[in-house]
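Since the structure comes first, as structure tokens, the remarks are kept for the end.
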Amino acid sequence: MNIIEFLSTHWRAAVEILLLWVLIYQVYRVFRATRGARILVGLTVVVILLTLTSQVLQLKVIEWMIKSAAAILAFALLIIFQPELRNGLAKLGSANLFSFSTTQQKVFLELLTESVVKLSKKRFGALFAIERGIDLDEFESTGVPIDSVLSVELVATIFHPKTALHDGGMILKKERIASASCIFPVSQKDLSDRSLGLRHRAGFGISEETDAVAVIVSEETGAISIVVEGKIFRNLSGEEFREKLEEIFITHGEKTEEIDPEKLDRESGGSGSGDRDLVSD
């Protein structure tokens, strides 16, 4: 009886908490894709810690400074994060924020798989970065804008060794080719396998600085690899490659065992040599 009375009295509070949680979660989904979000989180943590410290230790001066600076800080944040706020509000007004086009994603992944397999058979070295949450605008600006639908023929043309855009990486975003010949950061981590060349290091680098998924096709062996969250999955067949991409983008990361590079090298009968530099001599 007490539980029923409690619920009947406080049900409005429960509804308010639920609505606030949904709102905060949707705002988080929008702003987690920006680099400015990291600054905002850090600033929020500092303000909360200072506020708690001033309350517990009764530091009146610090408490007064925080209250006095609150309005100015809020106005400053509107200016600093103006691009993020504009993009975030645009996304909040989009139906895509609350729905997922699984069919469209599957078509895109099928085209990407077909493109990568063709590159592998022709031994065309290639590097892709597939945008997820964190935007890749910083790296996109280092390349040549393409802004085209993904097609097998266009990918093969861009990564043909005789074309001007074959060096560097291709950025894929929103199921489209955003730009090509982009410069990615090179990972400084110690890679014990010497068969991993500069192209693989760039794949590691972009996955370490962002949440992008890197796809590498070895120029020497035609081997297909995926780097995600600093982990590499090597020597994938076309079917394994497609399944791994579907796991990442559609089933959203069901736990699978990471492929052992040494085991795959033994099974494939050799390690192959490293890729050439991303920029021409």
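Annotations for the structure displayed:
- Residues located in segment 197-233, provided they are out of contact with any Lys or Arg (no Cβ under 7 Å at 6 or more places or on another chain), of a type outside the set (G, A, S) and buried (at least 24 other Cβ atoms within 10 Å of the Cβ): R199, H200, I206, V215, V217, I224, V227
- Any hit, segment 134-141, residues being over 20 Å from L165 (Cα atoms) and out of contact with any strand residue (DSSP E or B) (no Cβ under 7 Å at 6 or more places or on another chain): yes
- In the condition set (1) outside any loop (DSSP other than H, G, I, E, B); (2) aliphatic (A, V, I, L, M); (3) within 22 Å of the chain's Cα centre (by Cα); (4) at pLDDT below 90, I134 is compliant with all but (1).
- Lone unmet requirement of (1) hydroxyl-bearing (S, T, Y); (2) farther than 22 Å from S218 by Cα; (3) touching a Phe, Trp or Tyr at 6+ places or on another chain (Cβ under 8 Å) for T113: (2)
- Set L59, L43, L111: member being surrounded by 11 or more Cβ atoms within 10 Å (Cβ to Cβ), of a type outside the set (K, R) and modelled with pLDDT under 80: L43
- Boolean, K106 is modelled with pLDDT of 65 or more, at negative phi and in a helix (DSSP H, G or I): yes
- Residue count, segment 202-245 (criterion: assigned to a strand (DSSP E or B) and over 15 Å from T113 (Cβ atoms)): 5
- Residue check, E267 surrounded by fewer than 22 Cβ atoms within 10 Å (Cβ to Cβ) and either on the phi < 0 side of the Ramachandran plot or at pLDDT 90 or above (or both): yes
The values are calculated or read from the model by the stated rules, or taken from the named source; none is laboratory data. What you see is a predicted model; the values in this text were computed from it and never measured. All Cβ positions, glycine included, derive from the backbone under ideal geometry; neighbour counts span all protein chains shown.
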